[in-house]
Structures are given as structure tokens and as C-alpha cells.
1. When only C-alpha pairs under 8 Å and at least 6 residues apart count, what is the relative contact order of segment 189-277, in percent?
2. Just to make sure I understand: if all protein chains stay in place, what is the order of Arg679, Arg303 by accessible area at 1.4 Å, largest first?
3. Over segment 564-618, average the accessible area per residue using a 1.4 Å probe and give it in Å², no decimals.
4. Rounded to the nearest 10 Å², what accessible area does Cys92 show when all protein chains are kept and the probe is 1.4 Å?
5. Let me know the shape class of segment 42-94, please: from the alpha-carbon gyration tensor, a ≥ b ≥ c as square roots of the eigenvalues, rounded when a/c is under 1.5, otherwise prolate if a/b is greater than b/c, or oblate.
6. Using a 1.4 Å probe, how large is the accessible area of Val558, given in Å² and rounded to the nearest 10?
7. I want the local charge near Ala588. Using Cβ-Cβ distances under 9 Å, sum +1 for each Lys or Arg and -1 for each Asp or Glu among the other residues.
8. Using only protein heavy atoms and a 1.4 Å probe, report how much of Tyr171 is accessible, in Å² to the nearest 10.
Amino acid sequence: MSPVPPQDGDELELTVEAVEHEAERLRWQLAISAGGVGGFDWDLLTGRLSWDDRLVELFGYDRRTFRGTIEAFNERLHPDDLPRVSQALAECAQTCGDFEAEYRVVLPGGTTRWVRARGRALADRTGRAVRILGAAYDTTDAHDAGARTARVLETMSAAFYLLDADWRFAYVNAEAERLLGRPREELLGGVVWELFPATAGSVFDEEYRRAVRTGEPVSFEAYYPPPLDGWYEIRAWPGPDGLSVYFLDITARRRAREDAEAAREEAESARARAEEAAARLGLLVRVGEDLSATLDTEEAVGRLAQHLVPALADWCLVTLVDEHGALRDIGSWHARAELREVVEGYRRARLGALGEHAPLHRALRTGRPVTVEHGGTRVLLDVLAPGPARELLRRLAPESFAMLPLRARGRTVGLVSLFRDARRAPIPPQDLLTALEVADRAGLALDNARLYTQQHRMAEGLQRSLLTAPVEPDHVQVAVRYQPAAAAAQVGGDWYDAFLTPDGATVLVIGDVMGHDVEAAAAMAQVRSLLRGIAYSSGTGPATVLASLDATMQGLAVETTATALVARLEQVRDERERDVTRLRWSSAGHLPPVLLAPDGTVSALSAHPPQLLLGVDPGTRRTDAAIAVDRGSTLLLYTDGLVERRGTSLEDGLARLQDVVAELAHLGLEALCDAVLARLVPGDHDDDVALVAVRLHPLDRPRPPEAGPNRIPPHPPTPLNPPAGD
């Protein structure tokens, strides 16, 4: 760079300024030399370059060889640095600004030394630069340390680069070259946001600028787009030389972590699916238990709504369909307690307000589910007549619903309507399948209940049609009871009878045909009719009647077995005068009668062991037992349903019966029968019960009102003396 020539008019002023400047320069040189820094003064007017001793030494000169020109400076500059430094000095002079550069000095022996220089241009009164003053110091040690650091950085397996204050690459190690996919020559000096546009405005941009702004290191993980195309852990820390950025490739670690997270999520999903499956199974189990735990299937089906809410729906209605196709809502429930009365009100109002095109009627006609996933309130309002149902529906505001038919054996026996509000998504397919399975179970239970009711009515009707009203001759009061089993399958085997024979005796019969249902009722009808005919026509004693019945059953191929007890109330003239009655009986495997004496004593009439039941061996020998019974006594004949219970012995059941009869001895005969049944027969008993109770009122006074009128056939048989024995 050439010095600026002086102008004539300025010489005097410059002389004065030179003296002043020389004094200032001396003070300045003394100050900087104390810090090991060399000073320079380049007079742009004369071209004279002044160095202090420290700077002369730095450049490998001595006072004899240093010529004091800019050319002497340029001779020592490394050829690669000369253009850059000359340009910086020229800009400093042209702008009267600052000068800063770091460059290499090549000493005479070939050794290279690094020097950092800073200076400032001084201007005259016209603003023209007339000299540049500055200082320089040796940075070789720092560069050697930097070189050692660079060697370390070059051998690192992690990428590292340095960005200067203008976001230009100032250093890039080999691994960074590889990761960034560009050679070092292309990267150095380039602005990071321009070389890699995808990073502008990204997390890199945000975090880098935050580190520079706060002066604090940052660390983060981020995906780096192509050419890196991977996940990296980035650590950036600001320093005097710029922003140092360290890249660690964590793609494999990230993917392993993502795989582990995916595996965890899959495990969580599997666990959730298992819990959902368990919940669905639990729901099915609870529904099944509820349907099987009560004999009132309609009530159990009505409770379906409480099982399905909130598991599958926010609220629910359950509807029955009778044999004529009429609908009846029998159950409702809402997940929110404050809306249950609203649902109940809607249940009472909706069927009468539904139009023929309502989804409920469509599900009934087709036997297939009807679902609406959105706008459920609008859909239902369109098919509801004006009135309370519409207003209640608006309060419930269903967004989606599903109406599922309850089907069994090819017919629809009911419907379940599931509703969800806008806060829940429509019923998903898996939940819908669960609801359909619940519907199938409920439908089968309802149809079984229908069949049960039909069978129960038929068996009980047949049974009752054969259990005719008993006779009540003279002062004899007879009360009979028949209580069918709670289950239809247990009805049909028990019977009782009470009739007069031509000889004037009152015959009492209690029996139990083995088996149940309609077939047992039919077999019982045969056995009962045969026994009645034999006893009436033969006039023989109980043992002979039972033996004849056994033989007749074999001869007529009545293939059944039965227990039976036949008793005769007989009274000859002498016994009538003494106000006693003879009781003769015989038992074919039946339970012993219970006798309540006038003094309140209760006993079981088991004078001889029960003999073989009917239908096993017609040749078995049968015998009678007989006792004299005082008037005022009560006799009870009963079937095993009265005393047999699971987990309790028969002996305990018989003892319990006698205790109960003793406690109730003060009651009238009808009240006694009712009370005995109430005490001994539970509501869910699994066997039917027949009971015959006879009370012998005294003959020396009128028949008491509580006994009611005499009941005898329109043409009573002519009294005969009873047979003396068979």
C-alpha cells in the first residue's frame, strides 16, 4: 500500500501536529510495551512505518535490517495471508476505521509465527486518514494449542464445527465434513443457514441463537434433515471465537429408544386390550349370573341397563315384545344420577310417541341392529310426536345410538337401546359385538322364561285339574294345599285325594309319582285314578288297595314308580258313642303322617316301617296299621317337598315339621295349613308340595263355623260297617 502525498497548504499544521503526536506516540509505546505487545505507527503521508523493538523482533528484523517501510512488513507476511491483510489496511485508511487481522509471519529461517494486530486510522481536519496506529502481539502459542486441539478434533468420531459471529463456518472437523456431506473448502466461510436452508427457523436456529443471546450452553436432541437424515444430540456453547457445535449421532440409540417405546406402547396396548377383553368377559359373566340367579327373568332382563351403563353406553332402555308384537319398556338407566329420572320419564313416554318409521320399529321388523353414529337427537326427534317425549329427549341429547334386537329361536323377544352423548365416540365394533352377545343371552333367557311359563301353566293346570275338592262328611273338616315348585321342570308329580266309599269311610290319599313336568303329571293322573277306583269299588283296607294298585299298574303297563299313603277314617257305633275314630293306614314308601292330639301333643305315625314303593315289586306283602283317634285331633298327610332340603337330613326335616305343628296347634285348620307352608317352604323351593289336613271335630256339639259346611257327593253311598280287616 502506497503512502498518501502531502499538500503544501497543510505543511505548517502538520509540523505542529507531528510534534504533538510524537509525544503521544511515546506515551502509547511505553504503555503497550509493558504488556508484551508491539506497537506500530504508519504515516500515510510520508509512507514511514515505525515499529517498536518488540515488533521489530516479532518480524525477525533488527534496527539495522528493518527499513521502516510497508514493503518490509509485506516481505515477512505469509503469501496466503498478504492479500487479505493488505485489503484490511486499505479499507481502514479509506474509511478512517479500525483494522484487525491475524496473519502468519515467515521468519528468515523459515519458521512461521502467528501475529494478531489491531489498529485505528487517524484523520486530519478534512477527514482524510493520515496515519494508522496499532499494536500487535504473538499468538503462536495459542495457534499451536489450537492446532493440537484441531488434531484432537480431527480424530474425534463425533462431528464438530465452529460458527463465527456472522454464522459462518470457521472450523469443520473431518467427521463434520462427512456428516454434512460437503468438503471443508465449501463449508468454511459459508453461512450455515444458507448452506443448509432447512435448518433456518428450525430448532437448530432457535437453540443456536438462544446460546449466543444468553451466553449459556445449550443441549438438545433433534432430527437433522438430509444429508444427515438422522437424530443427533447437539451441544452448543458460545465462546470468544464463536459458537462451538458438537454433534453426536444418536440415530441408533434414538431408534432403539423408539423401538423400546413402541414395544412399551404395544405392551400397554396389549394390556389395555386384555383389560378390555376381561371387562367384556366380566360383563357377560355378570349378565349371565343375573339372568340365572332369579326366577323372574323379566326383572333380570330389565336390569340389563344397569350392566351396560356406563361400560357400553351413557344410558340405556330395555324393551320387551309380547307374543302379539306389543312393546313394553321394562328397564332404564343413566350413568349420571341426576338424569336417571329423566330417562325414566322418557321410558314411560316414548313408545306411545314413536312413529312407525322409528329406528326401534325398524330393528323389530328386520331383527337386525340399527345404529346411528352422529346426529342421534335429530334422528329421534324426527320420529317422535310432539309432547313430553320430545322435550325429555332434548335434555338427554344422544349423539349416537344402537338398537339391538333380543332374539331367540327365530323370534325377537325384546330390544336393547344404547345411547351415547357427544362426549363419547360412537360404540366401537368390539363393544357392539359384546352388546350383541349380551342381547343374545338376554333373548334366550326371555324365550326360556316364555317356554317355562307355558310349561309351568300347563303342568300346574293339569295338576290342579286332577286335585279335586275333598269331601267333608259329618264333623270331619278337610283342608288341602298344593304349592307348585318354583321351576316349571319340577311340577307335576304330587297329588292328594279325599273321598267317601260305599261303606261310609272317608279315604285320604297322599302320593308322589317319581319324575317331574307334564309326563309326571300324566303318570300321576293314571295312578291317582286307578287308586281312587280300586278303593271305592273294593271297599277294602289301605294295604289291600295299595297291593291291588301295584298289580294293576303292572298289568296295564303304567311304567312309573310312586310313593303313596292311603288312610281310612272308620267309626263303628260303639266308637261313635265314645266319640273316637279309628284310623287305618298303609304306606308304600311314603313319609309318616303327623298327628296333633287335642292336648297339643304331636307325633309321627310310624308304627311300622314304610313298605316298598309302588311300581317295583307287585308281589310285595303290604300291611295296615291302625289307632284310635280322639275327636278334636288333627292329622296331616304331606309329600316330601314339605320337609326335604339340601344339606339337611330327612330326620331333621320331620322333627322341624312336628315342632312347627306344635307351635301352631292353636290355629284353625285352614290357617294351620297356610302357616305350616309359610314356615317350611322357601320361595325358591325346587319341589312341589301337596298337603292334606284333617280335623275331627267333636260329635256332641254342632259342626263349628270355622269348618264350613259339609261337602259330600250329591248321592252319598249307603253307610256300611267297615271291613274287619284284609
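The values are calculated or read from the model by the stated rules, or taken from the named source; none is laboratory data. Keep in mind it's a predicted model, so treat the numbers as computed, not measured. Note that we place each Cβ from the backbone using ideal geometry, even for glycine, and neighbour counts take in every protein chain shown. These area figures cover heavy atoms from the full protein model, side chains too; ligands, DNA and RNA do not enter into them. Shrake-Rupley method; radii C 1.70, N 1.55, O 1.52, S 1.80 Å.
1. Over segment 189-277, the number comes to 17 percent.
2. Arg679, Arg303
3. Heavy-atom accessible area per residue stands at 43 Å².
4. Roll a 1.4 Å probe over it and Cys92 shows about 0 Å².
5. Oblate is the answer for segment 42-94, as a/c is 1.5 or above yet b/c matches or exceeds a/b.
6. 20 Å²
7. Taking every other residue near Ala588 into account, the sum is 0.
8. Only protein atoms counted, so the area is about 40 Å².
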